[in-house]
Amino acid sequence: MTIELYDLAGANPDHRFSPFCWRARMALAHKRLAVETVPVRFMEKDKLAFSGQGLVPVIRDGQKIVSDSWAIAEYLDAAYPERPMLMDGAQGRALANFARHYSQSVMGPAILKAVLLDIHNAIDAGDRAYFRETREKRVGATLEAFTASPEAALAGVKAALAPLRALLQTQPFVNGDRPALADYCVFGPLMWARNVSKVKLLEADDPVLAWREKMLDLFDGLARKSAGAGA
C-alpha cells in the first residue's frame with residue numbers, strides 16, 4: 001500500500017521546501033516505503049481537514065492519519081519495525097531528539113535570516129499576503145528588514161553550524177557510520193535553503209557541505225532531484 005504524504009509546495013507544485021516535510025520524506029525513504037506526495041500550498045488548508053489540523057506534513061497510511069514530522073517518524077518505526085529503524089534503541093532516539101531540537105532552535109532561525117524573503121518569492125502569489133502577514137508578525141520586522149544584512153546572516157549560519165561541523169569532522173553522518181533520523185532532522189533546514197534560495201551557505205571545504213552532498217545522493221538522489229533554486 002502506498003502512503004500519502006501531504007507536503008508544502010511553492011508556486012510550482014513540484015517545488016517542495018519545508019524542512020519538516022523533508023524530514024518526513026527522508027524518513028519514509030529510509031523505511032523503503034512507497035510514497036505518493038500531495039502538494040499543499042499555504043492557503044490550501046482545506047486539503048488537510050481530514051487530519052483535524054492545518055499543518056504539514058501529514059501522512060495517510062490506510063486508515064491511519066499522522067501529523068507532525070516527529071510523530072510520523074515515531075509511527076513509522078512502530079508500524080514497520082522490520083524495516084530499517086529511524087531511531088535504533090534509546091540512544092538512537094535520544095540522538096534524534098537532540099538533532100530535531102538543534103535543527104529547530106539553532107539552525108532554523110539562523111537560516112531563516114538568510115532566506116525568508118526568498119521563501120516569500122518562491123511561493124504561489126495567492127499565498128504571499130498570508131505569508132507576509134504571519135511571518136512579519138512572527139519575526140517582528142518586515143521581510144525586507146529582517147533579511148537586510150546578508151553578511152551578518154551568513155555569519156550567523158556559520159556559527160550555528162559549528163557543532164555540526166565539528167561532529168562531521170570525526171564521523172561520516174550525524175548518526176555515526178550510516179544516516180538515520182538524526183541526519184534527516186538536521187538535513188531539513190539545509191534543504192529549505194537549497195530549494196528556495198541561491199544564497200551560498202556553505203564553503204567548498206566545509207565538512208557540512210560534504211555531508212550534505214552525501215545526503216542529497218541518498219535513496220537514488222531523492223533530494224538532489226527535487227526542484228530548487230540553489231545547488
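The values are calculated or read from the model by the stated rules, or taken from the named source; none is laboratory data. Predicted model, so just to flag it, every value in this text is computed and none were measured. No Cβ is skipped: glycine too gets one built from the backbone with ideal geometry, and neighbour counts run over all protein chains shown.
Assorted remarks:
- Candidates are the residues of segment 69-107 that are free of Cβ contacts under 8 Å to residues at least 24 places away in the same chain and not in a helix (DSSP H, G or I); the one that is nearest to C185 (Cα to Cα) is P81.
- The single condition among (1) exposed (fewer than 15 other Cβ atoms within 10 Å of the Cβ); (2) touching a residue at least 24 places away in the same chain (Cβ under 8 Å); (3) under 16 Å from L201 (Cβ atoms) that L116 does not meet is (1).
- Taken as a whole, segment 208-215 holds at least one residue that is surrounded by 14 or more Cβ atoms within 10 Å (Cβ to Cβ), touching a residue at least 12 places away in the same chain (Cβ under 8 Å), under 25 Å from A24 (Cβ atoms) and of a type in the set (F, W, Y).
- Within segment 1-21, residues that are touching a residue at least 12 places away in the same chain (Cβ under 8 Å) and of a type in the set (S, T, Y) reach partners that are crowded, with 22+ Cβ neighbours inside 10 Å and assigned to a loop (DSSP other than H, G, I, E, B) with beta carbons closer than 8 Å, at six or more positions or on different chains, in the pairs Y6/V56; Y6/P57; S18/V56; S18/P57.
- Among the residues of segment 46-62, those identified as surrounded by 14 or more Cβ atoms within 10 Å (Cβ to Cβ) and of a type outside the set (A, V, I, L, M) are K47, S51, G54, P57, R60, D61.
- G228 passes every criterion in (1) modelled with pLDDT under 95; (2) outside any loop (DSSP other than H, G, I, E, B) apart from (2).
- Filtering A125, A73, A94 for residues that are at pLDDT 95 or above and not assigned by TED's automatic domain parsing to the domain that holds L164 leaves a single hit, A73.
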